[in-house]
Amino acid sequence: MSAHEVVELAPGAFHLPGYLSPAEQRRVAAMVRALAAGAAGFYRPQVRGGGFMHCDMLCLGRHWNARTYTYEWQRSDHDGRPAPPLPPELARPAVSAAAAVGLSLVPDICLVNRYGPDGRMGLHQDKDEDPSTLDAGVPVVSLSLGDTGGFLLGGLRRRDATTAIALRSGDAFVMGGPSRLRYHGVARVLPGSGPAAVGLSGRVSLTFRQYALEGHAT
Ligand SMILES: O=C(O)CCC(=O)C(=O)O
């Protein structure tokens, strides 16, 4: 039984408000700042149609190509640099958040999203991982830092109704099991709402994923 507050919004969809302590938020934020200052930092992905996403991204472990919607080792849609490795100590709280709701995640990918005051992300499914993990309902776990994000949780069809959830600095969100392929997005960011001590401007979300089950695709 988890000592943390857990709100189950649907089978397999869990909001864990305040999952990261203020000290943990500062630790994760410091790691994000260090990664952002590295050779392969944040960039603004350009999507298939030529438009740009409304957030910056930094992919760890594997790179998510915004033009092909596939994972790859190099940032071939940006600067060709290899995706930096995912540090296990960054992934640790995502593993424990999944365990807190009875799910198992061995993350090898983290997409770090950085939203400015006008940042948002349209409704989408996270379905570019290997079918072995999608079929098994291996969760995607997000950690939120900085400004509050207006997160939208939808259903399994794009047209399904959505529920709005405020994701505040320190919150974790888990989508696994029958909710693994739910549509979701970020409608808006509340500028200036985050704790200054975290030391990040805007909102940063870290979404941890497992590409494949052991023995499946490489
Ligand atoms: O920023 C968030 O909370 C959600 C990010 C997201 O939907 C994604 O990375 O697929």
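If you take the residues in segment 163-180 that are over 28 Å from ALA197 (Cβ atoms) and crowded, with 18+ Cβ neighbours inside 10 Å, which one is farthest from the ligand (Cβ to nearest atom)? For segment 163-180, the residue satisfying everything is GLY177. Among the residues of segment 74-95, those identified as assigned to a helix (DSSP H, G or I) and touching a strand residue (DSSP E or B) at 6+ places or on another chain (Cβ under 9 Å) are LEU90, ALA91, PRO93, ALA94, VAL95.
Restricting to segment 162-175, give me the number of residues that are part of a loop (DSSP other than H, G, I, E, B), under 22 Å from GLU24 (Cα atoms) and touching a Gly at 6+ places or on another chain (Cβ under 7 Å).
Counting residues in segment 162-175 that are part of a loop (DSSP other than H, G, I, E, B), under 22 Å from GLU24 (Cα atoms) and touching a Gly at 6+ places or on another chain (Cβ under 7 Å) gives 3.
Each row is one residue, and each column tells you yes or no for (1) part of a strand (DSSP E or B); (2) more than 11 Å from the ligand (Cβ to nearest atom); (3) crowded, with 23+ Cβ neighbours inside 10 Å.
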| residue | (1), (2), (3) |
| --- | --- |
| LEU145 | yes, no, yes |
| ASP160 | no, yes, no |
| ARG188 | yes, yes, no |
| GLY194 | no, yes, yes |
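Mind checking whether some residue in segment 10-33 is crowded, with 21+ Cβ neighbours inside 10 Å, in a loop (DSSP other than H, G, I, E, B) and small (Gly, Ala, Ser)? No.
Residue under question is SER201, and the condition is that it be in a loop (DSSP other than H, G, I, E, B) and either crowded, with 20+ Cβ neighbours inside 10 Å or away from the ligand (no atom under 14 Å from the Cβ) (or both); does it hold? Yes: the conditions hold for SER201. Looking across segment 84-138 at every residue that is touching a Leu at 6+ places or on another chain (Cβ under 8 Å), charged (D, E, K, R) and away from the ligand (no atom under 15 Å from the Cβ), the one that is nearest to GLY51 (Cα to Cα) is identified as ASP130. Out of segment 58-90, which residues are in contact with a Cys (Cβ under 7 Å, 6 or more places away or on another chain) and either more than 13 Å from PHE208 (Cα to Cα) or at pLDDT below 95 (or both)? ALA83 - this is the single residue of segment 58-90 that is in contact with a Cys (Cβ under 7 Å, 6 or more places away or on another chain) and either more than 13 Å from PHE208 (Cα to Cα) or at pLDDT below 95 (or both). Filter segment 46-73 for residues that are outside any loop (DSSP other than H, G, I, E, B), within 18 Å of the chain's Cα centre (by Cα) and either among the acidic types (Asp, Glu) or farther than 22 Å from GLY149 by Cβ (or both) and give the result. Across segment 46-73, the qualifying residues are ASP56, HIS63, ASN65, THR70, TYR71, GLU72.
What about GLY41, is it in a loop (DSSP other than H, G, I, E, B), small (Gly, Ala, Ser) and either out of contact with any strand residue (DSSP E or B) (no Cβ under 8 Å at 6 or more places or on another chain) or closer than 20 Å to GLN210 by Cβ (or both)?
Numbers: in a loop (DSSP other than H, G, I, E, B): yes; small (Gly, Ala, Ser): yes; either out of contact with any strand residue (DSSP E or B) (no Cβ under 8 Å at 6 or more places or on another chain) or closer than 20 Å to GLN210 by Cβ (or both): no.
So GLY41 does not fit the description; no.
The values are calculated or read from the model by the stated rules, or taken from the named source; none is laboratory data. Fair warning: this is a prediction, and the values are worked out from it, not measured in the lab. Note that we place each Cβ from the backbone using ideal geometry, even for glycine, and neighbour counts take in every protein chain shown.
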